[in-house]
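Asks: Sharing a structure, written as structure tokens. Questions coming.
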Amino acid sequence: MFVYIWLPYMILPIQAAIERVPGSVIEASGDLGAPPGATFRRIAFPLAFPGIVAGSIFTFSLTLGDYIIPGIIGSSKLFIGQAVFAHQGTAGNIPLAAAFSVVPIVVMAAYLSFAHRLGAFDAL
């Protein structure tokens, strides 16, 4: 359900990162005898990795806080954004809504620290 909305936020950073990979490096890998799979795995993917992480940060953070789209076309399950909206808006239970809103913050902090350890921000 989120694919239709957030897919451009994933595709555009990946496309920009792949376009920044120099063609001469890919060509040199092929000239040195590397098969296309190895060229992608050892050359293109590591150079495009910051764009993949940027796109995943965009889509993941926007999906965690979304409550409108699941409410309109989703199932009866509550997503985190819907739970925050339900407890803050109709029930008036602000402390529980605040506790639910900490979950996306912790998840994104863990993901960002993991991406930092992998070196995704070294090229920035």
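Asks: Using the alpha-carbon atoms, what tilt in degrees (0 to 90, nearest 10) does helix 45-65 show relative to the longest principal axis of the chain?
Replies: 10
Asks: Once both axes come from the Cα atoms, what is the angle between helix 94-117 and the longest principal axis of the chain, in degrees from 0 to 90, rounded to 10?
Replies: Result, in degrees: 10.
Asks: Using only C-alpha positions, report the orientation-averaged shadow area of the convex hull of the chain, nm², one decimal.
Replies: Spelled out: convex hull of the Cα atoms, projected over all directions, averaged, 9.5 nm².
Asks: Convert 10 °C to kelvin, take the viscosity as 1.306 mPa s, use the Kirkwood radius over C-alpha pairs of segment 3-51 as Rh, and evaluate the Stokes-Einstein diffusion coefficient in µm²/s, rounded to a whole number.
Replies: In µm²/s, the coefficient rounds to 137.
Asks: Please report the relative contact order for segment 3-117, taking Cα pairs under 8 Å with a sequence separation of at least 6, and give it as a percent rounded to a whole number.
Replies: Reported relative contact order: 24 percent.
Asks: Determine the dipole magnitude for the chain: charges of +1 sit on the beta-carbon of Lys and Arg, -1 on that of Asp and Glu, nothing else is charged, the reference point is the Cα centre, and the result goes in debye to the nearest 20.
Replies: Computed charge dipole of the chain: roughly 260 debye.
Asks: Which one, I94, W6, G37, projects farthest toward the positive side of the charge dipole computed for segment 3-117 from Cβ point charges (K/R +1, D/E -1)?
Replies: The residue sitting farthest along the positive end of the dipole is I94.
Asks: Continuing with this model, one more query. Once the Cβ-Cβ distance between I105 and D31 is put in as r, and R0 is 35 Å, what FRET efficiency do you end up with, to the nearest 0.05?
Replies: After rounding to 0.05, the efficiency reads 0.15.
Asks: Going by how many other Cβ atoms sit within 10 Å of their own, how do D122, D66 line up, fewest first?
Replies: D122, D66
The numbers here are math on the coordinates, done by the rules we state, and not lab data. Please read these numbers as outputs of a predicted model, since none were measured by experiment. Every residue, glycine among them, receives a Cβ derived from its backbone with ideal geometry; neighbour counts consider all protein chains shown.
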